[in-house]
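Following: one structure in structure tokens, then a few remarks.
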Amino acid sequence: MMKSPVRAVLSATLALIAAFLLNTILADARSSYEFRRADAATKKACNALRSQLPFGRVTNQGLGPDYLVSVQTYYSQLQAKRFPACVAYPQNAQEVSTVVKAIKANNLQFAVKAGGHQFNNWSSSDGGVLIDLQRLTAKRFDDESKQVAYFEPGNRWRDVYAYFVPQGVTPVGGRIGGVGSGLALGGGLSYLSAEHGLACDTFTALDVVLADGSIVKATADNEYKDLFKSLKGGGNRFGIVTGYHTKLVPVGKVYSGIVIYTQDQWEKVIKATSDFVSTNTDKKAAIITTVDSFGILPDPTTKLNSFIILFNVYNGADPGTTFDAFTNIPHVLDTRSTGDYIKAAEMVDIGTISQGGFYSNVVPLKVGSDREQTLVNNFKVWSKEHIGQYILATVDYQPIAKSITDASRAAGGNALGGPEGPYIFVNMLLAFDPNLAADKQEALRASWDKLTNSIPHDEDIPKFLNDAGFRQNILQSYEQYPLMQATSRKYDPTGLFVKNQPGPNFST
Ligand SMILES: Cc1cc2nc3c(=O)[nH]c(=O)nc-3n(C[C@H](O)[C@H](O)[C@H](O)COP(=O)(O)OP(=O)(O)OC[C@H]3O[C@@H](n4cnc5c(N)ncnc54)[C@H](O)[C@@H]3O)c2cc1C
């Protein structure tokens, strides 16, 4: 039988989530489909492309349900407000090549979409060509020894895990099943990273369509090794990946779940998080500490609209005493139990819910000062001052253990480079009504930037692409930026992927 305070908090949490979803649905209902007309030249190029590809591979603006699904299925509803001239659905690398050649020949604007979770609107296009990779869904063992996976970019992590995990192995991928494969090109933090590095560190080869339409296989030691390293975390600036070949790692029983704490425990949980980052050496242990505030009015009975959710995973059936420092802090909910890795990736299905418009920043932070606490204290003030103006605000502490940076180096290094761990990528994530007037959105972003910069950042740590904001100089903070610039000049001399496609700020 559940204790009554627990039940009260749980029901308040559920009520908040329901209100949050309702808010999202209302926001969707309010938004109107103002189809922005594509320009004549792009429309003509889309029509020409239709005739070059098999039937059904290109849908023009407004012409069919495929188009609406592509435009609507984004995590950030700001992306769902952009209307491409046409959407291309290539089914293999050759068809991706045909699309890229047409884009280059006509100098068209374009965007590439896999799972659609990017926070900075970099996988949607207004008036250009959207290359939707959703039909590239193959997955299989890449070798007879079953140590390497092959999967295509239209798979979400959930699809990849469903295929491999029952066979006792998994690629190192996203922590939330509903997220797409683009996560790996942005580095990719996994629950298994402390043992095996970032997702990109486990690449063994990448099939890539270059700006001239050529299809190449890049590996760590072939003629495309510069391209390979640039794609290990450098995102969408160099080509379109049509196939991932990645190391598989063994996986069996996994202990996973969330622990929820109320606001009065914040200080203790942040202290436990800092201690975990600086002292934990058990590579099987993973946490994300998320400090969350709903920007709607608090539940009248519990006054609850702020709490901490600890995402907790141990790659084994029994974590022993590893998480005792967290378990010993009074909490209101603990869902942790032993299951498989699929269960861990589905512990909270936040990967498929549409949650308004987003703005995200990253704070790279070494531990050992009081900045972790200061940031949360500043966040408390911010979230109260802005109540009613946002849907959800969250500050997420993601440990980068020394073993992660060791694993990256052992795997030949990635685009990020940077100092040895431990440190923290703090993801500052803000969700708001996507229909908010532009000036109000901008005011929220400005105040979120102010909060982000309210503590000093450690500038020698790379600003993690998957979490960073469009105003942060992301790739410039990477050790391999000069290599990435040279890679872009070599394989894409006219800058198609840099100039015609949205993405992180990059100059060659
Ligand atoms: C709920 C949620 C959970 C998350 N969890 C994690 C996590 O555990 N670890 C982590 O590191 N990050 C995480 N993220 C951040 C996530 O990695 C990024 O949002 C990432 O961009 C998602 O990839 P996608 O394929 O879903 O998105 P998309 O928006 O489709 O693509 C992301 C970017 O990659 C480009 N791209 C995608 N596929 C290709 C391709 N094949 N070739 C070339 N360019 C391509 C796109 O143009 C875009 O710029 C999470 C985000 C959300 C919303």
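The values are calculated or read from the model by the stated rules, or taken from the named source; none is laboratory data. None of these values were measured; they are calculated from a predicted model. Because the Cβ atoms are built from the backbone with ideal geometry, glycine has one as well, and the counts that use them run over all protein chains shown.
Structure above, values below:
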read-out: Selection from the stretch 304-322 of residues that are of a type in the set (A, V, I, L, M, F, W, C) and within 15 Å of Gln265 (Cβ to Cβ); value: Leu304, Phe307, Ile308, Ile309, Leu310
read-out: The stretch 496-507 - residue that is in contact (Cβ under 8 Å) with a residue 40 or more places away in the chain and of a type outside the set (Val, Ile, Thr) and, of those, nearest to Lys463 (Cα to Cα); value: Pro504
read-out: Subset of the stretch 64-88 [of a type outside the set (A, V, I, L, M) and away from the ligand (no atom under 16 Å from the Cβ)]; value: Gly64, Pro65, Asp66, Tyr67, Phe83, Cys86
read-out: Count - residues of the stretch 462-480 that are in contact with a helix residue (DSSP H, G or I) (Cβ under 8 Å, 6 or more places away or on another chain) and buried (at least 18 other Cβ atoms within 10 Å of the Cβ); value: 8
read-out: Of residues in the stretch 50-70 being among the polar types (S, T, N, Q) and buried (at least 16 other Cβ atoms within 10 Å of the Cβ), the one nearest to Arg135 (Cα to Cα); value: Ser70
read-out: Some residue of the stretch 215-226 being within 8 Å of the ligand (Cβ to nearest atom) and either crowded, with 19+ Cβ neighbours inside 10 Å or within 26 Å of Gln91 (Cβ to Cβ) (or both); value: no
read-out: Filter result for the condition that a residue is of a type in the set (A, V, I, L, M) and over 20 Å from the mean Cα position of the chain (by Cα), over Ile131, Ile103; value: Ile103
read-out: Selected residue (criterion: farthest from the ligand (Cβ to nearest atom)) from residues of the stretch 133-147 that are touching a strand residue (DSSP E or B) at 6+ places or on another chain (Cβ under 6 Å) and not in a loop (DSSP other than H, G, I, E, B); value: Arg140
read-out: Exclusive hit being away from the ligand (no atom under 16 Å from the Cβ), more than 16 Å from Ser454 (Cα to Cα) and in the same structural domain as Asp282 (by TED's automatic domain parsing), set Asp324, Asp349, Asp370; value: Asp324
read-out: Any strands (runs of 3 or more DSSP E) falling wholly within the stretch 148-256 and containing at least 2 residues that are within 19 Å of the chain's Cα centre (by Cα) and in contact (Cβ under 8 Å) with a residue 24 or more places away in the chain; value: 240-247
read-out: Residue among Phe425, Phe432 that alone is within 23 Å of Glu479 (Cα to Cα) and either touching a strand residue (DSSP E or B) at 6+ places or on another chain (Cβ under 7 Å) or small (Gly, Ala, Ser) (or both); value: Phe425
